[in-house]
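Inspection log for the structure reproduced underneath, given as structure tokens.
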Amino acid sequence: RKEVEQDPGPFNVPEGATVAFNCTYSNSASQSFFWYRQDCRKEPKLLMSVYSSGNEDGRFTAQLNRASQYISLLIRDSKLSDSATYLCVVNVGGSEKLVFGKGTKLTVNP
Amino acid sequence: NAGVMQNPRHLVRRRGQEARLRCSPMKGHSHVYWYRQLPEEGLKFMVYLQKENIIDESGMPKERFSAEFPKEGPSILRIQQVVRGDSAAYFCASSPLFGETQYFGPGTRLLVL
């Protein structure tokens, strides 16, 4: 089983749509959780950290379910500029290494 | 405040040559991480360094790969006797302290002919 698994997509949605990405992780010792975005041939950039209580940043909402080892990202009112690959990232306690999912590609169409 | 810098951005090598990738962390950051992204794959951790110390190299291939972060100058990822399978994007990240957010550089795209 992969350490971090994501639906690879691709997701093609119209502008203004709401889209949700899911991610599961296998290591129950995981302590920190993130969503990064990666534009084509660019570096990953931190979108938001994910907290147990859930957190929101503008149009983006992240949720964490430790019991199910499940992370989600919801994007509301999607914009053309949201087109990117979204990476689910986990950090296991006591280690500095980040474990990345393969990413989910999103294309927002006009 | 300049971000993480990597050079070269693109590197072409023939099989058997050496590749040297450089990474200058953000100002004030003393922790450096190297990740590799193979085509159509996710990023994979390779190594974590602090100044003059390798802290975790659990993701480094056993042969041909080495990394250093000297007291002065950038961190270097060195690949000896490159093979076609080494073709990938190599990303460096840095953070100021243990457990802090890692910020990524633009990457070096290595192509082995």
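The values are calculated or read from the model by the stated rules, or taken from the named source; none is laboratory data. Given the structure is predicted, the values throughout are model-derived calculations rather than measurements. Using ideal geometry, Cβ is built from the backbone for each residue, glycine included, and neighbour counts are taken over all protein chains shown. The area values use the complete protein model at the heavy-atom level, side chains included, leaving out ligands, DNA and RNA. Shrake-Rupley method; radii C 1.70, N 1.55, O 1.52, S 1.80 Å.
What about A:LEU46, is it open to solvent by 60 Å² or more (accessible area, probe 1.4 Å), within 11 Å of chain B (Cβ to nearest Cβ) and assigned to a strand (DSSP E or B)? Judged against the criteria, A:LEU46 is a match.
To keep it simple, each residue is scored yes or no on (1) part of a loop (DSSP other than H, G, I, E, B); (2) away from every other protein chain (no Cβ under 13 Å); (3) free of Cβ contacts under 8 Å to residues at least 40 places away in the same chain.
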residue: B:CYS23; (1), (2), (3): no, no, no
residue: B:PRO39; (1), (2), (3): yes, no, no
residue: B:SER58; (1), (2), (3): yes, no, yes
residue: B:LYS71; (1), (2), (3): yes, yes, yes
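Candidates are the residues of the range B:73-99 that are farther than 15 Å from B:VAL4 by Cα, open to solvent by 20 Å² or more (accessible area, probe 1.4 Å) and free of Cβ contacts under 8 Å to residues at least 60 places away in the same chain; the one that is farthest from the other protein chains (Cβ to nearest Cβ) is B:GLY85.
Residues in the range B:22-59 that are among the hydroxyl-bearing types (Ser, Thr, Tyr), within 20 Å of A:LYS2 (Cα to Cα) and modelled with pLDDT under 95: B:SER58 alone.
Count of the range A:53-73 residues, restricted to those that are within 15 Å of A:GLN6 (Cα to Cα) and in contact with an Asp or Glu (Cβ under 9 Å, 6 or more places away or on another chain), is 1. Any residue at all in the range A:2-12 that is of a type in the set (Phe, Trp, Tyr), under 30 Å from B:LEU97 (Cα atoms) and in contact (Cβ under 8 Å) with a residue 40 or more places away in the chain? Scanning the range A:2-12, I find no residue that is of a type in the set (Phe, Trp, Tyr), under 30 Å from B:LEU97 (Cα atoms) and in contact (Cβ under 8 Å) with a residue 40 or more places away in the chain, so the answer is no.
Please count how many residues of the range B:41-56 are more than 7 Å from every other protein chain (Cβ to nearest Cβ) and assigned to a loop (DSSP other than H, G, I, E, B). Going through the range B:41-56 one residue at a time, the tally reaches 2. Mind counting the residues in the range A:81-110 that are of a type in the set (S, T, N, Q), part of a strand (DSSP E or B) and over 22 Å from B:GLN37 (Cβ atoms)? Selection size over the range A:81-110: 1. Exactly one residue out of A:SER78, A:SER53 is open to solvent by less than 10 Å² (accessible area, probe 1.4 Å), in a loop (DSSP other than H, G, I, E, B) and more than 14 Å from chain B (Cβ to nearest Cβ), and it is A:SER78.
Taking the condition of being over 11 Å from A:PHE33 (Cβ atoms), in contact (Cβ under 8 Å) with a residue 40 or more places away in the chain and among the aliphatic types (A, V, I, L, M), how many residues in the range A:63-91 meet it? Residues flagged as over 11 Å from A:PHE33 (Cβ atoms), in contact (Cβ under 8 Å) with a residue 40 or more places away in the chain and among the aliphatic types (A, V, I, L, M) within the range A:63-91 amount to 5.
Residues being within 13 Å of chain B (Cβ to nearest Cβ), out of contact with any Phe, Trp or Tyr (no Cβ under 9 Å at 6 or more places or on another chain) and assigned to a strand (DSSP E or B) are entirely absent from the range A:18-27.
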